[in-house]
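Data block below; observations after.
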Amino acid sequence: MKKRGSYNREKYGRNSYRQSSACRWNRRRSSNERYGAEGLSSPQSSDSSNRAFSSASSSNSSSSVPELPGFYFDPEKNRYFRLLPGHNNCNPLTREMIQHKERESRRLKLLEKEDMQKKKATRIGLNPLPLLNKRQLGMLCSTSYCRLVHELHVNCMQRKKVAIQSPDSSVVGTDHFKLIVADTARERIFTVNDVEHGGCKYGIINLSGLGTEALTVEMYDNLYFTNRKVNSVCWASLTHPDSHVLLCLMGIAETPGCASLLPASLFSNTRPAGDQPGMLCSFKISTAWSCAWCLNPQANSCFSTGLSRRVLVTNAVTGHRQTFGTNSDVLAQQFATQTPLLFNGCRSGEVFAIDLRQRSRKSQGWKATRLFHDSAVTSVRVLRDEQCLMAADMSGKIKLWDLRANKCVKHYEGHNNEYAYLPLHVHEEEGLLIAVGQDCYTRIWSLWDTHLLRTIPSPYPCSKEDIPSVVFSSHLGGLRGVPGLLLAVRQDLYCFSYN
């Protein structure tokens, strides 16, 4: 009896041990399955609370989950995907595709916020009523008050599409904008459009219609085509203010490059009353990267072109030329107006000034000012007092330089550029700095304290062919025009007017 009792106890003890072990193994297996379901597979049978949590934490989950070599974690689906070496026949994942998807998601969210018109103050305490009270109490000078008012308006600008009309209705809306440049009075913009066969088409848009509720502008084309790439454009005052447009064209095959002075009067209905048609001038200049027109009386009717390893200053009337040798390609130029100085930005990252009163020299002793960036300089802008200079490079850095001390005094963070030729737009009266990045975002900074005021996404997906071109002014269309921002992308023109 004792042996049978002990046998039964051993038998039932072993069975109970097996059952408890099986239960523990099943619980461990179920917990592992649940962990795998939550961490990797995210099945459709998961409850709504888990989906809500995963969607709410999608922005932070990609940074909190561990990185696995050869795998990519999708925060929306809450699982890992394997990155194949390219032999997958069903949409192989690449890091470029993943980054493009993330950028497009951010752009759509920003566009949604723009459409909802939910704008926050650019600074703490920057509201209209307190600002007005400080002005009435004498706590703000007129300059600071106007600057802060412009910051308020810039933050509340709304996007509206502009209707473009043309006498030749068949060409409207078919060619993509490549570049727009406004004249001094902000009454017209010169446009460069890409055409289907690979060339370029030029036009002038009259902005007087921006003051109407219909937001309609008139575009005047001229059948002046070229198969050559347009490197740089600026307005030129040869016979009267903004009488011509200076173009730098690249050479192709056996055709050398040239710099052309295109009269604005060639475009119908754009010249003032009594103005006679101008003369088209062309100068054979090879590999012109940049151009600038001089408004200084000491160098009247002169323009400059930045070439490969040299700068060429030409008198448009007499044809006299001055050549200055450099160590790198000159990608950006601007003349000073108070002194006969020409500022240049090079591919090597050097920014230097040329005194036009000097004779042509191949040595470097004639350089009046020398500044240095870490990357190729794409834009230089001299401020009004000509004691400071703004420069941007291909590493995305924007710096304000003090020309008296030859040192950088301010940095403007947030600009995006890797290899593109992107201009800067400096507006001292409004206290604003505007630049379009290679990521197709238009950013607006405070010129005086480098604060980023607003980031405007492009209406179209980001691509290197669809980088917007912008023009800003407090009087678009003339002295009685409307303040705002013009943005041209693809075949569309948008106006961000003050609210």
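Which of the residues belonging to the stretch 286-299 are open to solvent by 10 Å² or more (accessible area, probe 1.4 Å), part of a loop (DSSP other than H, G, I, E, B) and modelled with pLDDT under 90?
The answer is Ser286, Thr287.
Pull out all pairs, ordered by first then second residue, where Cβ-Cβ is under 6 Å, the residues are six or more apart or on different chains, the first lies in the stretch 300-316 and is on the phi < 0 side of the Ramachandran plot and crowded, with 21+ Cβ neighbours inside 10 Å, and the second is acidic (Asp, Glu) and modelled with pLDDT of 90 or more.
none
What's the number of the only condition in (1) in contact with a helix residue (DSSP H, G or I) (Cβ under 9 Å, 6 or more places away or on another chain); (2) under 18 Å from Ala391 (Cβ atoms) that Val313 fails to meet?
Result: Val313 fails condition (2) only.
Those residues that are among the hydroxyl-bearing types (Ser, Thr, Tyr) and assigned to a strand (DSSP E or B), I need them from the stretch 315-354; list them, please. Please lay out each step first, then the result.
Here is the first cut: in the stretch 315-354, the residues among the hydroxyl-bearing types (Ser, Thr, Tyr) are 318, 323, 326, 328, 337, 339, 348.
Passing the criteria: only Thr323.
If the requirement is being more than 24 Å from Asp449 (Cβ to Cβ), touching a strand residue (DSSP E or B) at 6+ places or on another chain (Cβ under 7 Å) and outside any loop (DSSP other than H, G, I, E, B), which of these qualifies: Arg381, Arg370? Talk me through it step by step, then tell me what you get.
Working: Arg381 fails: more than 24 Å from Asp449 (Cβ to Cβ).
Going through Arg381, Arg370 in turn, just one is more than 24 Å from Asp449 (Cβ to Cβ), touching a strand residue (DSSP E or B) at 6+ places or on another chain (Cβ under 7 Å) and outside any loop (DSSP other than H, G, I, E, B): Arg370.
To keep it simple, each residue is scored yes or no on (1) buried (at least 17 other Cβ atoms within 10 Å of the Cβ); (2) in contact (Cβ under 8 Å) with a residue 24 or more places away in the chain; (3) of a type in the set (Lys, Arg).
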site: Val330; (1), (2), (3): yes, yes, no
site: Pro340; (1), (2), (3): yes, yes, no
site: Asp355; (1), (2), (3): no, no, no
site: Asp393; (1), (2), (3): yes, yes, no
site: Lys399; (1), (2), (3): yes, yes, yes
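Which of the residues belonging to the stretch 263-285 are modelled with pLDDT of 75 or more and either out of contact with any Ser or Thr (no Cβ under 9 Å at 6 or more places or on another chain) or farther than 16 Å from Phe303 by Cβ (or both)?
Let us first name the residues in the stretch 263-285 that are modelled with pLDDT of 75 or more, namely 263-267, 281-285.
Those that are modelled with pLDDT of 75 or more and either out of contact with any Ser or Thr (no Cβ under 9 Å at 6 or more places or on another chain) or farther than 16 Å from Phe303 by Cβ (or both): Ser265, Leu266, Phe267, Lys284.
Which one of these does Leu479 not meet: (1) among the aliphatic types (A, V, I, L, M); (2) touching a residue at least 24 places away in the same chain (Cβ under 8 Å); (3) within 18 Å of Asn155 (Cβ to Cβ)?
In the conditions (1) among the aliphatic types (A, V, I, L, M); (2) touching a residue at least 24 places away in the same chain (Cβ under 8 Å); (3) within 18 Å of Asn155 (Cβ to Cβ), Leu479 misses (3) alone.
Residue by residue, here is whether (1) surrounded by fewer than 19 Cβ atoms within 10 Å (Cβ to Cβ); (2) more than 23 Å from the chain's Cα centre (by Cα) holds:
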residue: Phe190; (1), (2): no, no
residue: Tyr202; (1), (2): no, no
residue: Gly211; (1), (2): yes, yes
residue: Leu262; (1), (2): no, yes
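Out of (1) more than 32 Å from the chain's Cα centre (by Cα); (2) at pLDDT 85 or above, the odd one out for Thr337 is which?
Single failed check for Thr337: (1).
With the requirement that a residue be open to solvent by 10 Å² or more (accessible area, probe 1.4 Å) and over 17 Å from the mean Cα position of the chain (by Cα), what does the stretch 474-490 give you? Show your work before the answer.
If we filter the stretch 474-490 for residues that are open to solvent by 10 Å² or more (accessible area, probe 1.4 Å), which is where we start, we get 474-475, 477, 479-483, 490.
Ser474, His475, Gly477, Leu479, Arg480, Gly481, Val482, Pro483, listed by residue number.
What do you reckon, is Arg454 part of a strand (DSSP E or B), open to solvent by 10 Å² or more (accessible area, probe 1.4 Å), among the charged types (D, E, K, R) and at pLDDT below 95? Working first, answer last.
Details: part of a strand (DSSP E or B): yes; open to solvent by 10 Å² or more (accessible area, probe 1.4 Å): yes; among the charged types (D, E, K, R): yes; at pLDDT below 95: yes.
Yes, satisfied.
Of all residues in the stretch 371-390, count the ones that are under 23 Å from Glu430 (Cβ atoms) and in contact with a Ser or Thr (Cβ under 7 Å, 6 or more places away or on another chain).
Of the residues in the stretch 371-390, 1 are under 23 Å from Glu430 (Cβ atoms) and in contact with a Ser or Thr (Cβ under 7 Å, 6 or more places away or on another chain).
Among the residues of the stretch 404-422, which ones are open to solvent by 30 Å² or more (accessible area, probe 1.4 Å), in a loop (DSSP other than H, G, I, E, B) and closer than 16 Å to Gly345 by Cα? First the steps, then the outcome.
Taking the stretch 404-422 and keeping what is open to solvent by 30 Å² or more (accessible area, probe 1.4 Å), we get 404-411, 413-414, 416, 418-419, 421.
Adding the requirement that they be in a loop (DSSP other than H, G, I, E, B) leaves 404-406, 413-414, 416, 418-419, 421.
Listed by number, the residues that qualify are Asn406, Tyr419, Tyr421.
For Asn344, all conditions in the list (1) open to solvent by 60 Å² or more (accessible area, probe 1.4 Å); (2) under 22 Å from Thr314 (Cβ atoms) hold save one; what is the number of the exception?
It fails just one condition, (1).
The values are calculated or read from the model by the stated rules, or taken from the named source; none is laboratory data. This is a predicted model, so every value here is computed, not measured. Using ideal geometry, Cβ is built from the backbone for each residue, glycine included, and neighbour counts are taken over all protein chains shown. These accessible areas exclude ligands, DNA and RNA; they are computed on the full protein's heavy atoms, side chains included. Shrake-Rupley method; radii C 1.70, N 1.55, O 1.52, S 1.80 Å.
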